[in-house]
1. Give the Kirkwood hydrodynamic radius (Å, one decimal) of region 182-333, defined as one over the mean of 1/r across all pairs of different Cα atoms.
2. Sorted by average packing, counted as other Cβ atoms within 10 angstrom per residue and highest first, what order do 230-242, 403-415 take?
3. For region 415-572, what is the convex hull volume of its Cα atoms per residue in Å³?
4. Take residue 225 and residue 425, extend 7 Å from each Cα along the Cα→Cβ direction, and tell me the distance between the two endpoints in nm.
5. Taking only the C-alpha atoms, wrap a convex hull around region 465-514 and report its volume per residue in Å³ as a whole number.
6. To the nearest 10 square angstrom, what accessible area does residue 469 show with a 1.4 Å probe?
7. Can you figure out the FRET efficiency of residue 433 with residue 482, using R₀ = 25 Å and their beta-carbon distance, to the nearest 0.05?
8. Grab the beta carbon distance between residue 356 and residue 457, set R0 = 30 Å, and tell me the FRET efficiency rounded to 0.05.
Amino acid sequence: MFAKKPPLLVTIGATGLLIGVGALTYVGMRWRTLQARGLPAGVRAVPQSAVAAVTVSTSTEQWQQLRQFGTPETQNSFDGQLAEWRDRWLRQYDISFSEDIAPWVGPEVTIAWVPEPESLTDTEPNAVTLGSQGRLLVLPIADPEAAQISAQSLPLAEDSANALEYRGVMLNEFAPAAGSEPTSVFVGLLGTQLILVAEDETVAQQAIDAYKGGKNLADVTDYRRSFEHIGTTQAFGKLYVNVPAATQLLAQTSQPTLPTALLESFQESRGLAATIALETQGIQIKSTSWFGDDSDRTYVDTNVPAQLPEYLPRDTLMLASGGNFQQFWQDLSERRNWGALTALKPDNLSLALQGSTGLTLEEDLLPWMQGEFAVALVPPQVTDTPDSEIVLPNPSLVTLVQASDRAQAEQVFARLDQVVENRYRFTISNEPEGNIELVRWTSPFQSTMLSRGWLNSSVAFLTVGSGTEAAIVPQPRRSLANSPLFQLTTGDAPYPNNGYFFINLKALSQTEDNLFVPPLPVENQGVLKAIEALGITSTVLDEQRLRYDLYLVLNRGNRPGPLPSSPPVETE
């Protein structure tokens, strides 16, 4: 007798008992309809109260492709996790995925985390508590005949305990061996298309309600609309997050406690959907998030045809840009974007600027910063003098902004020149180079070099680092915009858009004495070595929806072999 029955095995037994061969034609027609929409078939049984739902491919080829990415260290770690999953749910029951499951299961399966009814309240329907989520597994049936054949070869039905009926669906309870984990699971067949496996009876009932005309995830209008923008052929995975519920869970586990204002801000974002695709050089993720119909918040369309990457050098290490700095700062100050999850406090930055320069962000800077902006790290520049040495910081810092009012910006720069010269004793020199207006600020003993000026009639710059201004002189053929790595990580995203975040991790890790990027935790070094570069593009779709496109460029490791061996199957 088997020691315990995992969900995947139980589903095979239930399939053999409850389905017939005659449903094959109908299932195929229904399956093609769902695939055309891009929605996972399993979400029709996922309640809208679910905290999250993850759909993953059942293609062994795609899993092999995923295993090829990374360093030998990360590959071994990932293979170990896969082997653990296999041993827990398959191998110890003498089940082969390729022989017993793959012949009948659909191209993807869905796992959801569903709050138990008592954890929800009428006043806070999205508030849940830790430990209150039951896992729900939904497996689409692509070939009922093959499923029936597989089920007949497995002696699973004899282990079923009590059976109960709910809304015409027979739920079979399968209990594990005494004292073992996990606890009992409930299995049922939904129509002729889906098998549900739930760790809790109430979660199973919620899934049945959702499937039989209740509020399921497929009925969420914004979730369905997301696939119009992020639908991907042959997606490896699809993700849904109930943002208010997930934020609530994050708040319960965060140390220190997250501010109440931050939590309230994220409650207005109702959901996030994403697709994950495996590419030749890495992983591409496309996602959208949306507000609820009852939200009074809206996104401001600040999408612009990006110009500033054309001024940055091809070997730029890091870039963060946006379409409108004034709007960005307003959103950040009101904790309205994902940057609010960081330790960055806008008020403190504003006070620091005023204390060090006498300028106020709201009155002196924001009024003329209504255009595209960028902050970048570039490799340090080496001068031509024989005894030259690289001057800190390493790397150098570049800030660019498309000024909406140059006259007002000139007045602010003039005041800055006075502060830098009189308060900090820097030497000010006007040194234009060709069409580039350039003012250098040199500290006493020439330990620090800054420069500011104009690259054209509207693009202002400020650099920190010796000779850095030479790196941002427009050179179209050698600009970041034409860099193969930048194109790879951002080229498939919408254009125009609301800005980029780009980081060349491989090159950045090779810099020494990095002033602007603190050392990363040792425990994360292995994972980071597997990533060569990362690009994120944000786009405002409309007043209610925002899109993010992410591309991870990954190292390619060793050719995957067999997963680690497992201990012998234990039987009684």
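The values are calculated or read from the model by the stated rules, or taken from the named source; none is laboratory data. As the structure is a prediction and not an experimental result, all values here were calculated from the model. Positions of Cβ are generated from backbone atoms using ideal geometry, with glycine treated the same way; all protein chains shown enter the neighbour counts. In case anyone asks, the SASA skips ligands and DNA or RNA and just uses the protein heavy atoms, side chains included. Shrake-Rupley method; radii C 1.70, N 1.55, O 1.52, S 1.80 Å.
1. 19.6 Å
2. Highest-to-lowest ranking by the protection proxy: 230-242, 403-415.
3. Output value, Cα hull per residue: 263 Å³.
4. 6.1 nm
5. Convex hull of Cα atoms, per residue: 123 Å³.
6. Here the accessible area works out near 10 Å².
7. Values: r = 22 Å, r/R0 = 0.90.
In this case the efficiency is close to 0.65.
8. Efficiency computed from Cβ-Cβ geometry: 0.55.
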